[in-house]
Amino acid sequence: MKELMKKILVVLMIALATSVVIGCSKKTEAVVEKEKEIEKAPFKMVMVTNVSGLGDEGFNDAAWMGFERAKAELGADIAVIESGEQSQYVPNLQAAAEQGYDLIVAVGFLLVDSVAEAAKQYPDSHFVMIDGIVDAPNVVSVLFKENEAAYLSGIIAGLTTKTNKVGFIGGMETPPVIRFESGWKAGVATVDPAIENTITFVGSFGNPGAGREQATIMYKQGIDIIQGVAGLTEVGIIEAAKDMNTWVIPCDKDKTEMSEGRQLTSSIKKIDSAVMSVVNDTMKGNFSGGVMSLGLKEGTVGFPDAARDVVDPEIMKIVDDIVIRIISGEIVVPSNRDELAAFKAPSI
């Protein structure tokens, strides 16, 4: 009888041990499954616009193109928070951080102070500042060498004008717009310093009516090409070019379609490519705060392919040569007014 009890006890102990092992195994499998679920969770990214918002046909839309690429190519979960006024910048950034987005992209120099504040409040959130510098470990600041793109546009305008009168309409005198202005003026002067080059600012990135009014005045004065750098205000400049049947050079992206045959070229910067670069790094766990400065060498500024269908081929040959000389460092395009004052135009 005692032998039988011992055998039963042994069997029970083995059964108990087996159940514990199986239980542990099941728990481990559950943990693994949970980890897999976490790994499969979509990368969440949100864009906080400036007051121009989506539909500005400018840098907000250009940045959103990067978001759409991230969704299509990388499966990212994308969202946008549009700012109706500047007082909403900080609350919108805070809301994005509270909602746990993996990447928060702020668009436009006017958000610099707001991003600095939000980044300090949410040190574990990752921010991208387009067109401005925020010195914080959790912020990637993306700058573009707009001056290089505008220099090429200035060359094209200088070689194309029939009246020897060209112009520039800016929204506000922010650092990116000053870079555009400096490159534009240097490009025109490289062709011929005697060309009359009218520069004006309308004081807003969100007033198409003001852009249209100012451009119309300038076109009526004999200016036959205008470089616009004005966000949503630029839509009005383009409308004026269509009204007056003359040339306009937009900025940030190719606006051939909306210009309806009046776009000569465009001073583009590929914000979508910059966004994709940061998204790729962040998804791989390689997010690193700091400044990215992107220009012709990086293939992120320049002119659209559509320009070759409009601009005289002989002019485009000159432009192609200048691109090579800028990339090589032979030509250093001024990026501000002080550098412009000291700029010595190269021969072309």
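What follows is calculated from the coordinates using simple rules that are stated; it is not laboratory data. These numbers were taken from a predicted model, which means no experiment stands behind them. Quick reminder, even Gly has a Cβ in these numbers, built from the backbone with ideal geometry, and neighbours come from all protein chains shown.
Of the GluC sites (Glu not before Pro) found in the stretch 72-122, the ones in coil according to DSSP and having at most 15 other Cβ atoms within 10 Å of their Cβ are Glu85. Lys and Arg at +1, Asp and Glu at -1: add these up for the other residues within a Cβ distance under 12 Å of Ala345 and post the number. Charge balance near Ala345 sits at +1. Distant-in-sequence amide contacts of Gly289, defined by a placed amide H-H separation under 5 Å and a gap of 5 or more residues or a different chain, comprise Val139. In the chain, the longest principal axis of the Cα atoms and the axis of helix 313-328 are about 50 degrees apart. Within the chain, DSSP assigns beta bridges of which about 5% are antiparallel (rounded to the nearest 5).
Pairing the Cα long axis of helix 2-40 with the longest principal axis of the chain, what angle in degrees results, from 0 to 90 and rounded to the nearest 10? That works out to roughly 10 degrees.
Take every Cα pair under 8 Å whose residues are at least 6 apart in sequence, average their separation, divide by the length of the stretch 73-209, and the relative contact order is 18 percent. Normalising by residue count, the stretch 90-160 has a Cα convex hull of 94 Å³ per residue. When only Cα pairs below 8 angstrom with a gap of at least 6 residues are kept, the chain shows a relative contact order of 17 percent. With a Förster radius of 22 Å applied to the beta-carbon distance between Lys284 and Lys120, the computed FRET efficiency rounds to 0.30.
In cubic angstrom, how much convex hull volume per residue do the alpha carbon atoms of the stretch 171-321 span? Each step should come with its number before you reach the end.
On the way: hull volume 20.3 nm³, N = 151.
Output value, Cα hull per residue: 134 Å³.
Measuring r between the beta carbons of Ser293 and Ala41 and using R0 = 35 Å, the FRET efficiency lands at 0.60.
Got the relative contact order for the stretch 214-290 handy, in percent, Cα pairs under 8 Å and 6 or more residues apart? Computed value for the stretch 214-290: 22 percent relative contact order. For Val319, neighbours were defined as the other residues whose beta-carbon sits under 11 Å from its Cβ, and their charges (Lys and Arg +1, Asp and Glu -1) total -1.
Please report, in cubic angstrom per residue, the volume enclosed by the convex hull of the alpha-carbon atoms of the chain.
Working: hull volume 57.7 nm³, N = 348.
It comes to 166 Å³ per residue, whole-number rounded.
Please report how far the C-alpha centroid of the stretch 206-229 lies from that of the stretch 145-177, rounded to the nearest whole angstrom. Cα centres, the stretch 206-229 to the stretch 145-177: 13 Å.
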